[in-house]
Each structure stands twice: as C-alpha cells, then as structure tokens.
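Remarks on the structure that follows.
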Amino acid sequence: MDNILNYLRILNAGYNTNAAFMDVLNLDCSEAAEIIENLISKGLVKRLGRRYIGFVSYSLTENGKKMIEKEYPDISKLPLPEDQWKVLTAMKKTSRPMLVKEIEDATGLDNSRVSNCLTFLSEHGYSRDQGLFLRKASITEQGLKILQQR
C-alpha cells in the first residue's frame, strides 16, 4: 500500500510520463511500465495520451485522487518530492530568473529532472517560466510560502 501511495504521489507531482517516472524511481522501462499498468488495472491511473512526441502521459483517476486525499486530507499540504524542494530552494537564493542550466548546477539534477520539476512547479503556481529556447524560471510568492512551511 505504501508503494502504491508513493507511486501515486510521484505521478501527481508531475512525473507523469514513462520517462519521468523511470528517471525519478531509477527503474528500467519494463519495470516502470509494469507499475503503471498495475495502477491502471486497479483504476487509480488513466492514460491521457501523448504529451510530447513519443511520450505518453498519465493522470490520477478520481479513485487515485481519493487514495491520496485519504492519506493527505488537505491536498495542498501534500509533500513535494525532494527534487522540487531543491529547485525551489535554488531559485529562492537569487532575485532574478535562473536559466535551467543554472538550476541544474545549483541542484545537481539533470536537465530532464529540472524540466519536470519546473513544469510541475509552474502548473501549481510555485514558479514562473519565461523564454522558449533559453528557459528561465523564478520562484513566486506561493513558492516562497511553501518553502516556509517546510
């Protein structure tokens, strides 16, 4: 049960493609696919379709969300994965938007993990993205508040 909840938290945190899920859990493709298929068969996760070329994305079903909410009644207090705390902390240290490369250097995370973190953080209002080819990000007031809660 703890593993299932952990997998749901990871998917809910924005690591919702096979590649991101594999990366964060350090799994090979077949292991990640087996876990995700198991979650789908239990009715906890659903396929959304292709997010990017070659990347299928997933989302929690209502049952998956209920399972998380049962453990964390206030979904806004759902703990962020450690990578996301690292990214927020790095962005807090500067008053200007940071290039993705600068965030990679500050956190020790690779480009894929930083990009996944920034996508989630931006979608939830914790950071703000700018730039298309030279992606930059900065922390928002909401991001500062969640850091204070930690």
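Looking at 89, 94, which one is assigned to a loop (DSSP other than H, G, I, E, B) and either touching a Ser or Thr at 6+ places or on another chain (Cβ under 9 Å) or at pLDDT 90 or above (or both)?
94
Checking the range 1-9 against the condition returns no match, with no residue being at pLDDT below 80, surrounded by 15 or more Cβ atoms within 10 Å (Cβ to Cβ) and closer than 23 Å to residue 121 by Cβ. Scanning the range 110-119 for residues that are touching a helix residue (DSSP H, G or I) at 6+ places or on another chain (Cβ under 8 Å) and more than 10 Å from residue 84 (Cα to Cα) yields a total of 4.
Selection of the range 120-148 for residues being within 22 Å of residue 58 (Cβ to Cβ), out of contact with any helix residue (DSSP H, G or I) (no Cβ under 9 Å at 6 or more places or on another chain) and not hydroxyl-bearing (Ser, Thr, Tyr) yields only 123. Every test in (1) at pLDDT below 85; (2) assigned to a helix (DSSP H, G or I); (3) in the same structural domain as residue 24 (by TED's automatic domain parsing) is passed by residue 56 save one, and that test is (2).
Contact map, the range 91-120: residues that are at positive phi paired with residues that are surrounded by 14 or more Cβ atoms within 10 Å (Cβ to Cβ), Cβ distance under 8 Å, separation 6+ or inter-chain. Pairs shown: 108/86.
So is residue 9 on the phi < 0 side of the Ramachandran plot and either without any contact (Cβ under 8 Å) to a residue 12 or more places away in the chain or in a loop (DSSP other than H, G, I, E, B) (or both) or not? Spelling it out, it is not the case that residue 9 is on the phi < 0 side of the Ramachandran plot and either without any contact (Cβ under 8 Å) to a residue 12 or more places away in the chain or in a loop (DSSP other than H, G, I, E, B) (or both). Going through (1) at pLDDT 90 or above; (2) surrounded by fewer than 16 Cβ atoms within 10 Å (Cβ to Cβ) one by one, residue 74 falls short only on (1).
Scanning the range 106-150 for residues that are among the aromatic types (Phe, Trp, Tyr), in a helix (DSSP H, G or I) and over 17 Å from the mean Cα position of the chain (by Cα) gives no hits. Here is the figure for the range 115-150: residues that are modelled with pLDDT of 90 or more, of a type in the set (A, V, I, L, M, F, W, C) and either in contact with a Leu (Cβ under 7 Å, 6 or more places away or on another chain) or crowded, with 17+ Cβ neighbours inside 10 Å (or both) total 2. Of everything in the range 77-86 that is surrounded by fewer than 14 Cβ atoms within 10 Å (Cβ to Cβ) and in a helix (DSSP H, G or I), the residue that is modelled with the highest pLDDT is 82.
The values are calculated or read from the model by the stated rules, or taken from the named source; none is laboratory data. The structure displayed is predicted, hence computed values, not measured ones. Every residue, glycine among them, receives a Cβ derived from its backbone with ideal geometry; neighbour counts consider all protein chains shown.
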